[in-house]
Amino acid sequence: MSTPPARKRIHLAAHFPGVNSTTVWSDPRSGSQIDFSSFEHLARTAERGLFDFFFLAEGLRLREHNGRIHDLDVVGRPESITVLNALAAVTDRLGLAGTVNATFNEPYELARRLASLDHLSAGRAAWNVVTSSDAFTGENFRRGGYLDRADRYTRAAEFLATARELWDSWTPDGRPRPFAHDGPQFGIEGEFTVPRSPQGHPVVIQAGDSAEGREFAASAADVIFTRHSTLEAGREFYADVKGRLARYGREPGDLKIMPGVTYVLGDTDAEAQEEAAEIRRLQVSPQNAILALEQIWGRDLSGYDPDGPLPDVDPDPDSALVQGRVRVADPVAVARKWRALSEAKGLSIRQTVIESAGRQSFVGSPATVAAALEEFVATDAADGFILVPHLTPGGLDDFVDRVVPLLQERGVFRTEYAGTTLRAHLGLPEPVWKG
Ligand SMILES: Cc1cc2nc3c(=O)[nH]c(=O)nc-3n(C[C@H](O)[C@H](O)[C@H](O)COP(=O)(O)O)c2cc1C
């Protein structure tokens, strides 16, 4: 009898909730987004669940809405790599991933910070390279300074290549060698102050969705954090990105695709559906519904009744009403879709936002959710998931207690960490040491 083919293993990561309304901040169980105890709780839970990594997003300027700080949810958070260094001390195996912008940093300094995290964590560092480059964020960094949209990935690609030259600049027997990088974006030379770190190169994650972003990921990233979290969209994205790898001499397994997903568990599927609807109602308060609408429309809609019909007026595609947040690519098309939904089902503004923007990705009993996660990975809609809980910091507890054991029973998730580095958890090749 021939042995059945091994089932594709699932990779799991834990997203520490950002400062948006995915977290139900009004729930008394939700805690601080700043206290170390919150980060520690989520990271320890993820490690108890044998997750690949813990993930921090980044926002470099407080979001604004119609000229005012957006403060309906919580506001403000500490800097990612500092938090990850602290977490390195209270975890042993869990990967530690931080989002850091390639537009507003410099390669030498960031390469030092990432190599240091990799040393302090004994090989668990990861960098989510983002390129968010709008002038609004740029004002925090340099006078009138930001990058044209078209140049963001040119800089990011050279930034990453330069960081890798620095990480490679020490000899295998532990001596610094001079480096020199002379390119269109960066002209630097000297010696790198940090010896080669345990992973050689920290794991690189990419999160942009444009064609340039996908190409950058195919050429240079180890993981993609994507928003394509439905089965059909996931499969299409997966095939597209994996299809770009051969051009760079890379294998499909060299780049893991991990959508950000939400989940709601219940004892039964029906109970979970009820709970999910309640969570959506809490996430989309009447005020949040108007704000969500304004983000699409790019217009001041404060005079509209959240329990009334959608505006007749079309979105302003060039609006700067919302600052510090990526706007949907085609607001007019989204508005059309929302209007059609509202008319077909007779939904108010708030109900339309709840239906359109607030849907959780996986809802059901632990068995239902485990089966759905396996299906995604088995049918190449993803290699794993970045789980976004709706409670801070305890939102991952029930997933780890109730879903992880079922994934293990199904033989699709590890029962212990086999390696010590994040690169090992992800099954990534060792980087070639370029001398
Ligand atoms: C799932 C996902 C998560 C992201 N998280 C962040 C983030 O935390 N901070 C940030 O500045 N940009 C974030 N971005 C923005 C992108 O990384 C990227 O810089 C931006 O979308 C523009 O790139 P694009 O034109 O290729 O989409 C995220 C994007 C995606 C798809």
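Tabulated results
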item: All positions within segment 64-76 that are crowded, with 18+ Cβ neighbours inside 10 Å, more than 17 Å from ARG299 (Cβ to Cβ) and not acidic (Asp, Glu); result: VAL74
item: Residue within segment 137-147 that is in the same structural domain as LEU62 (by TED's automatic domain parsing), modelled with pLDDT of 95 or more, of a type in the set (S, T, N, Q) and crowded, with 17+ Cβ neighbours inside 10 Å present; result: no
item: Residue in segment 52-61 that is assigned to a helix (DSSP H, G or I) and at pLDDT 85 or above present; result: no
item: Filter result (more than 18 Å from VAL388 (Cβ to Cβ) and of a type in the set (Asp, Glu)) within segment 264-280; result: ASP267, ASP269, GLU271, GLU274
item: Filter result for ASP71 (within 23 Å of SER210 (Cα to Cα), out of contact with any Phe, Trp or Tyr (no Cβ under 8 Å at 6 or more places or on another chain) and charged (D, E, K, R)); result: no
item: So LEU87, is it in contact with a strand residue (DSSP E or B) (Cβ under 8 Å, 6 or more places away or on another chain), away from the ligand (no atom under 14 Å from the Cβ) and assigned to a strand (DSSP E or B); result: no
item: Qualifying residue in segment 41-59 (condition: within 30 Å of ALA418 (Cα to Cα) and among the hydroxyl-bearing types (Ser, Thr, Tyr)); result: yes
item: Looking only at segment 357-387, and only at residues there that are touching a strand residue (DSSP E or B) at 6+ places or on another chain (Cβ under 6 Å) and aromatic (Phe, Trp, Tyr), the one that is surrounded by the most Cβ atoms within 10 Å (Cβ to Cβ); result: PHE385
item: Filter result for the condition that a residue is in a loop (DSSP other than H, G, I, E, B) and either closer than 30 Å to ALA340 by Cα or touching a strand residue (DSSP E or B) at 6+ places or on another chain (Cβ under 9 Å) (or both), over LEU407, LEU428, LEU396; result: LEU428
item: Cβ pairs under 6 Å, 6+ apart, first in segment 283-303 and closer than 11 Å to ARG350 by Cα, second surrounded by fewer than 22 Cβ atoms within 10 Å (Cβ to Cβ) and of a type in the set (S, T, N, Q); result: none
item: Residues being in contact with a Phe, Trp or Tyr (Cβ under 7 Å, 6 or more places away or on another chain), part of a helix (DSSP H, G or I) and small (Gly, Ala, Ser) - total across segment 364-387; result: 1
item: Residue in segment 234-244 that is touching a Phe, Trp or Tyr at 6+ places or on another chain (Cβ under 8 Å) and either at negative phi or aromatic (Phe, Trp, Tyr) (or both) present; result: yes
item: Strands (runs of 3 or more DSSP E) completely within segment 159-254 that count 3 or more residues being in the same structural domain as ALA382 (by TED's automatic domain parsing) and within 15 Å of the ligand (Cβ to nearest atom); result: 203-206, 223-226
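The values are calculated or read from the model by the stated rules, or taken from the named source; none is laboratory data. A quick note: this is a predicted structure, and the numbers were derived from the prediction, not measured. Positions of Cβ are generated from backbone atoms using ideal geometry, with glycine treated the same way; all protein chains shown enter the neighbour counts.
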